[in-house]
Structures are given as C-alpha cells and as structure tokens.
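Following: one structure in structure tokens, then a few remarks.
The values are calculated or read from the model by the stated rules, or taken from the named source; none is laboratory data. All of these numbers come straight from a predicted model, not from anything done at the bench. Quick reminder, even Gly has a Cβ in these numbers, built from the backbone with ideal geometry, and neighbours come from all protein chains shown. These accessible areas exclude ligands, DNA and RNA; they are computed on the full protein's heavy atoms, side chains included. Shrake-Rupley method; radii C 1.70, N 1.55, O 1.52, S 1.80 Å.
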Amino acid sequence: MGAGAAVGLAGCTGGDGGDGGDGGDGGDTAPVDPSDVETGEFVASAGANPGTFDPTIITDATSNSTIGAFSYESLVAPLFDLSEFRGELATDWTVDGTTYTFTLREGVTFHTGDEMTAEDVEFSINRMSGTTNNADVAWISDVNVVDDYTIELTSEQEYAPYLTNLSAVPILPSNVDGISTEPETDEFAFTEESVGTGPFVLDTFQPEDRVVFTAYEDYWYDGDDYTTTAPWDQVTIRVITEQVTQEEAMANGELGMIDNPAPFELQQWDGQTGTVVADSAVGFDFITYPVQVSPYTNNKFRRGLTKLIPRADIIEAVFGGRATGLAGPISPGLGAYFDEEREQELIDEYVAEEPEAAETLIEEALEEEGIEPPFEMALITNVNRTRERWMEVIQQRFDDIDALSAELDVRAFDDLVPFLLDPEGAAQSSDVVGIGWTGGSDPNGHIEQLLASDQHVPDGFNWNLYENSEIDSLIQEGQTTIGAENRQPIYDDIQELVADELPLANMWTSQQIDVVNAESVNDANNWQPHPNSSNRYDTLYSPHLDQVTYPPQ
Amino acid sequence: MSLQRFILKRALITIPLLLGISLITFGMVHIIPGDPIDFITLFADLDPGTEAEIRAQYGLDQPVYIQYIDWVVDAAQFDFGQSIVTRRPVSAEIMDRLPFTLVMGSMAFAVTLITAIPSGIAAAYYRNTTIDQVSRVFALVGIALPNFWLGLLLILVFGSVLNVFPVLPPTDQGLLSPAMLSYTILPALAIGTGATALLMRLMRSSMVEELDKDYVRTARAKGLPERTVITKHVLRNSLISVVTVAAIQIAFIVSGSVVVEIVFSYPGIGRLLVNRVGNRDFPVIQALVLIIGVSVILANLVADVLYAYLDPRIRY
C-alpha cells in the first residue's frame, strides 16, 4: 500500500518525522544492471508481532509495514519524497469536479492467479466502508464500474486528499471464499495466505517469531529500469521484542535492518556492522489531554502543562537534535504546508517552555475547577525506548511542581490501543497519553482522524472526544479546496487553532532513521528511508516509485 | 500404606486443585472490566446481527456456568477454541511451541541436576575449603542474578563477542536439529542457573547434615571405602530433600521460560503467553495458564511420590 496507507498510530516503530538527513540519496537506485542481478535474502526485525493480517482493517504501523506494504497495493502511491503520486494499480486518472475516473493497469494478477479488474476495486472500497479505516473511503458517495479497466468514483463535494486516501485502500480480489465486505466476520486465513497484487507473497507466518515473504513471480512491473520481480527471493521479518537482542543480532550480522533504533544510541553503530541512514519523514509525537474531564476542560490547565515541557532540551537530549519542534500537527515532511518561520512563531506564542508561567496557570486552573492540589495524574505511553524516555522527562517535570503528582504508566502497544479506542477508556480517564501518529502525505491525514467531531472513537481516532466546530469547518474546507497553495492557509489556521486550544500538544517530528547492515545490501547508502515508518520496507522493491534496493552483487 | 495407595490418595487431592485452577483461569476473562467482544473486534461498531454471530462463535451468548462447563469439557480434550489473533485452533498454536519449551526446560533441568548435585557434594565434602567458598559465591551470584539479565549477558558474551552461538534462533530447522539444540544451550543456561544455585546449596547442607550422623561414623569405622560411604549411604539419604525440591524447580523453570524466551526470541510457550497477553488473546491465555498450572500441580505430585518412594516413612 502507498504511504497514505500509513495514516495511523505509530506504536513500536520509532521516528515519525523530521527534515534533512544524512543518509540515503534515494531515487538513484540503479547502479546494478537489472538484466543481470544476483538475487538474495533479506532479514529484518520487528519489535512487535503484527496484530492484523487483513489489510483492510490494519490500523497500526507494525502490521502495515510487515504485511500491508509487502503483499498489497493500491490504485496510487506517492513518491518517497511525497512530491507527487504515481500509478500503482492505476495507470492514469482524471478529475472532473466531483468525478474521479481511474484507468486500471491491465494484466495485473492477484497472488491467487486471477486478474484484477474494476469490480475488485469496487469490492475493496466497499469492504473498507464501516471499518475503523472508514475515513479513507467515507468521501466516496458512489462507485461506478465503467468496464473491466475503468472505474469512476463520485464524491458529494470536491475532495482534495482523494489520492492520499485511495493510496490507503488495499485492492483485494472479490471472488475469494471467506473474503466479504464485512471484514470483522470474514473467515479467510489472512495469516496463511496473501491475496494482494504486491511484489511479495506471504509464505509463512509463525506468530511471535517470523513473517516470511517470497518474491511474486508474476508481478506486473515490466519496465527496463529495474528487475521485473523483486530481487529478493525471500524476505524474513523476525519478531524480536527485546531491543538489545535486536542490536546484538545486528552486531552479529544476523539482521539486515533493525526496527526502532533509538536516536540517542546511534553512536553505537560508528564503525560497526550497522549503517545509520536517516531522512525526512511525516508524522509527529504528541500528548493528548482528556478534554472532557476536569481540570483538563480548563484551557489554562492544558496550556500550563504544555508550557512545562522542555521541548528544546528533549529534542537535543533524546533525539540528538534529529527532530523539529512543532506547535500543531502539520510536520515539515508535508513540504508546501509547513512554514518553518511561522511554526517557530506559533511555538513561541503558544507552547514554548515557560516554567513559572506554567505553574501559575496550573494553580489558577485547579482553583477555578475547585480541585485541591496536588492533582494526581498518570502519563501513559507504550513500550518504545525513545517514547518512554521523553515521557519520563515530561512526567518528572510535571511531578516536580507542587500542584501536580504525576506517574508514568508504560503499556504494551497492543494493550494501549484498546484503551484508546474504548469510548469509556482514555476519554473518561484523567490521564495524559503520549504516542506517535503517522500522518501520511496529505495534511488532512494529520488532523481529521484525531480532531474532527465525527471521528470520535471507536469510529475514528479522536479518543479524547474533542469537538470544535471551527476546526470541523476548516477540516471540511481543507478537504474540498483544490491546490496546495489554496489549502495551505486553511491548515495554517488549523495549526494555530490547535496550538491555542491544545486538545493535544504536538511535540516534534523526528527523522525517519533506519540502521541497515551494509553487508546485507548492495549499497547501504542507497537505502532510502521511507518518510512514513509504515512503509519502511517499500525501499526494497518499488520500481514504479523509482526505488529498488539490490542484494550484494 | 502401600505406595500405590499413597499415589492414589495424592492424585485425588489434586482434583480440587485442578478444578480451582480451571475456575480461576476461566474466571479471569469475566473479571476484567469490559465486554470480551470489544477486545475481539477492537471496539468496532457492529450491527446487532454481526455481534450476535461473533458472540455465538465464541460461546459468549451462553450463561456463564454453561460457558465454564463447555470450556472445561473441551479443555479436557485439549480443545481450547480459536485464537482471536490468528484465528487458528489454540491447541495447534500451543503444540507448535510446547515442544520447544519442553526441550529448553529439559535442558535447563539437566544442567541443574548435572551441575548442582556434584558441586553440592564437593562443597559439603570439602566444607570450609576453597571449593566450598567458591561454590558459595557461585550460588549467591546465581540466585541473585535475574534470569533476563543473565540471558542478555550470555547473548552479549557468547553471541556478539565470542561469536560462539547465534543471537537469534535458527529458522526452518527441526526442534532436535543440531543448530536448534546448540542454540537452546544459552537460554537453558539462563533459566537453569538460578535453580542450579539453589539446588547446590540444598545438596550441600543436606550432605553436611548426613555426614555428621552416627551411621557415617560407624560405616567409616567398619572400614568401608570412603567412596562407598558417600555414594551408597550419605548420597542416598541426602538426595531425599533434593529430589523433592528438584521436582518443584520445574515450576520455576516454567515461569522462568516466560522471561527468557522473550530475551532470546525463543519460539516457546512463554513468549506466546507474553505476546498474547498484550493482544488480549483470551483463549490462548486461558489455555496456557491452565497448562502451566496443571504442570506445576503435576510436578508437585511427582515430588510427593518420589519423596514417598525414597523415604517410606512419610507414607504413614
């Protein structure tokens, strides 16, 4: 699936954003003669077990990067620098007002052997409707199969992020027993068989141990620039929850890439097996306040907490400077939508660290809410060394002032997600949640599911049940306005509103960092980190996006 | 009381224990807050028909006592239903992993017995000498070291630095293949070290106590060779308490495997349990807790029987 598919919670995977980089020079990936390539095997690690194998209902980065991105594809996909969309299963498309017509690639076969047609696309869109990922297809009011290779989508209003959203819709065959338009009750064993069109076929899933893919021999790519099938005979993702074990396995040459390298420990790879490759990304880390619960209902309290956070110090100490501070959800990876100068102004005005002012605001808020200090709170996050570290700094900072008593509660990602998705969970607690969000290639993906009133859990990811009609209108306006130059002021307004209202406090966007074993690939410096951690393995073989990594030759 | 009657009596006593474990295991799903169906569907907004279908599929539409009876009857036939995560039969999921844990546990147990008993004997026989002091230090360190930390240390030293063992378990290798058995040595050591240390100290104190008894003095006075005194008389009497504790150590080895399997990425039931707790895969968690509970009860039963066999006095 394309990078748009990556909209979702970033759990065990690490960095989710940033600018600049010191690694791969991406795009220039053909030093090897594609007609004479020696194939190989690639072994990487995942810090968690993929929780979902049905691509339609994947909501987390681990499952998407280990399943969705290998075996399933969408109509379109963005380039690695997010500058434009390329056809994946579509060859071209036109937009006429609220009608979007896609011409499908002919001769594409599913792993089942059946040819993909427009009926499969219609089926796949219907299948996603009503799921947790409904937002990706909710804008489509009608689907019309014109012929086998042409499909027409209609929306009620013009919809700007249509390509981003469609890049998140995996295309599945409509004729497989056990796969219906009701994925929650489907009996198909997605853990045993892949049915997508992607370049890799699921070979083995040994839960808690490994996922093995083999190259799909009938992959549709027929260009001359790269090999027509993946140059990797086999890709194995080893599930290794213990970070130290991952690092030792990498040091021992048993892994080609490790999952979730901690940015504060990258120096350990100096002169070692692992090569650090980093580049800009989309996404951000943030904390959410339960805005329905007193004293979080009071803006002074939220602002006071936010102004206690030492952003600059954390960026330096935890991220080694490989992150950019944010005031709102729009991150630098979104290019045209991010203005660095404007962002700094917002940070200074609304969220910059001011300990004394923060303490006063918190005390005033508690008094206004009739709460006797110290106010007891928990800061909840998931098992992730980087995230745990910055949450620990924030917890200590909160706990240091007399008005607050803060504790840190670290949970398994799979344990935290149900708590967030439960309308009686995070929304009703008095706890602050710190987590990451992978926002995709369109600004709407950074905002809508977290902040729109119609995206309350369990239908979306707005788990603090935030409602703001002004933000709702702006989200709507952003979706229906065409052209980045026209949309940019709208997202500027949202960025300022979020910084002012603080239903959540955006922290920073960190670089996408991969540590690659130089002996596992032909040229580690040619390894291009994907801006979205959900698509990190797309770099192995995405010929239509001009990105292929070859085995050692 | 004959040994057979003793075994029967002890076996009967385990029945209420087994029932208690089954009740607790079954009850845990119903004690935690929330509706199990929410965890199965990740809080998806279901229409009533779909919800009813899923409830029926997992038997959640029945009264709790019926669910319990059904579950116990099925569990007795090793049928624990379907995994929420993989949708595979739970028994198949467990049978894929149980052999690995059994092999690792057996190796750990073998390491424990092979090292603890001779070193305990040596420490007792040469008490208050350097051998005794060294074994005491080893025992203290072995007991004090958390097994997960020891596991990481073993990986670092033998995997990364000395490059003697691989860090990750081999794939596509049979359970009893040389590669897999070789890989299992480090996790077995990590689990077995604590038990070894404990058993060694117990062996030593038990031997010291026996060595001071009159019958040993008599045996030596009769001119029996020292080797015969130790192996035929002292060792047999000393082993009574050691064998009992050794059987109970099986429980510690099982619980230790939960942590050590995570550190070593070892594909056993301990790792399965930890991961499925994270995924709230209740059918798998219930089955594993039941199996672990039953194995601990059986280990205790074996200990009692062995004790009764070695020391007939306790049958009465």
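Work out the charge dipole of region B:54-118 with +1 on the Cβ of Lys and Arg and -1 on the Cβ of Asp and Glu about the Cα centre, then indicate which of B:T86, B:Y65, B:P118 is farthest towards its positive end. Of the listed residues, the answer is B:P118.
Taking the Cα centre of region A:112-195 as origin and assigning +1 to Lys and Arg Cβ atoms and -1 to Asp and Glu Cβ atoms, the resulting dipole is close to 340 debye. Ranking A:L346, A:G325, A:T306 by how far each Cα lies toward the positive end of the dipole of region A:300-346 (charges on Cβ) leaves A:T306 at the top.
In a reduced charge model with +1 at each Lys and Arg Cβ and -1 at each Asp and Glu Cβ, the protein assembly as shown shows a dipole moment near 8440 debye about its Cα centre. Taking one quarter of the surface of the convex hull spanned by the alpha-carbon atoms of region A:467-529 gives a direction-averaged projected area of 7.0 nm². Converting phi to 3J(HN,Hα) with the Karplus coefficients 6.51, -1.76 and 1.60 and the offset θ = phi - 60°, region A:539-553 yields 5, 5, 7, 9, x, 6, 9, 6, 9, 9, 10, 9, x, x, 9 Hz in sequence order, with x at every glycine or proline. Placing dummy labels 7 Å off each Cα toward the beta-carbon, the span from A:E485 to A:T39 is 4.8 nm. Taking all protein chains into account, the per residue accessible area for region B:127-203 stands at 48 Å² (1.4 Å probe). Taking the Cα atoms only, what angle lies between the long axis of helix B:64-76 and the longest principal axis of chain B, rounded to 10 degrees? Its long axis makes an angle of about 50 degrees. Need one value: the accessible area of B:D47 in square angstrom, 1.4 angstrom probe, rounded to the nearest 10. Roll a 1.4 Å probe over it and B:D47 shows about 80 Å².
How would you classify the protein assembly as shown from its alpha-carbon gyration tensor, with a ≥ b ≥ c the square roots of the eigenvalues: rounded for a/c under 1.5, else prolate if a/b is greater than b/c, otherwise oblate? Prolate. Quick one: grab the alpha carbon gyration tensor of region A:68-190, order the square roots of its eigenvalues as a ≥ b ≥ c, and give me rounded if a/c is under 1.5, else prolate or oblate depending on whether a/b is larger than b/c. It is rounded, given that a/c, with a ≥ b ≥ c, falls under 1.5.
When only Cα pairs below 8 angstrom with a gap of at least 6 residues are kept, chain A shows a relative contact order of 26 percent. Regarding chain B, what is the average projected area of its C-alpha convex hull, in nm²? Dividing the Cα hull surface by four gives the mean projection, 21.2 nm². Leaving ligands and nucleic acids aside, the B/A contact buries around 3300 square angstrom of accessible area in total at a 1.4 Å probe radius.
Taking Cα atoms only, the orientation of helix A:355-368 departs from the longest principal axis of chain A by about 70 degrees. Interface residues of region B:135-165, defined as a loss of at least 40 Å² in heavy-atom accessible area between the chain alone and the complex of all protein chains with a 1.4 Å probe, are B:L152, B:S160.
In degrees from 0 to 90, rounded to the nearest 10, what is the angle of the helix B:235-264 Cα long axis to the longest principal axis of chain B? Computed tilt is about 40 degrees.
With only the Cα atoms considered, region A:349-407 has a convex hull volume of 95 Å³ per residue.
Taking the helices alone, the protein assembly as shown has a mean residue ellipticity at 222 nm of -13500 deg cm²/dmol, built from -39,500 (n - 2.57) per DSSP H run of at least 4 residues and averaged over all its residues. The phi torsions of region A:127-132, fed into the Karplus equation with coefficients 6.51, -1.76 and 1.60 and a -60° offset, translate into couplings of 5, 7, 4, x, 8, 4 Hz, rounded to whole numbers, with Gly and Pro shown as x. Once the partner protein chains are put back, region A:191-209 shows a loss of at least 30 square angstrom of accessible area, versus the chain by itself, at A:T191, A:Q206, A:P207, A:E208, A:D209 (probe 1.4 Å, ligands and nucleic acids excluded). Taking all protein chains as they are arranged and a probe of 1.4 Å, the heavy atoms of A:F85 leave approximately 50 Å² accessible to solvent.
Shape verdict for region A:424-478, please, from the Cα gyration tensor: rounded (a/c under 1.5), prolate (a/b greater than b/c) or oblate. Cα axes put region A:424-478 in the oblate bin.
Surface composition of region A:161-287: carbon plus sulfur atoms contribute 36% of the solvent-accessible area (1.4 Å probe, protein chains only, all chains present). Karplus-based coupling profile of region A:317-322, in residue order and whole Hz: 7, 8, 9, x, x, 8, with θ = phi - 60° in 6.51 cos²θ - 1.76 cosθ + 1.60 and x standing for Gly or Pro. When you filter the chymotrypsin sites (Phe, Trp or Tyr not before Pro) in region B:196-277 for DSSP loop state and at most 11 other Cβ atoms inside 10 Å of their Cβ, nothing is left. In percent, rounded to a whole number, the relative contact order of region A:135-178 is 36, using alpha-carbon pairs under 8 Å and six or more apart. Size check on region A:254-335: the Cα extents along the three principal axes, sorted descending, read 51, 26, 23 Å.
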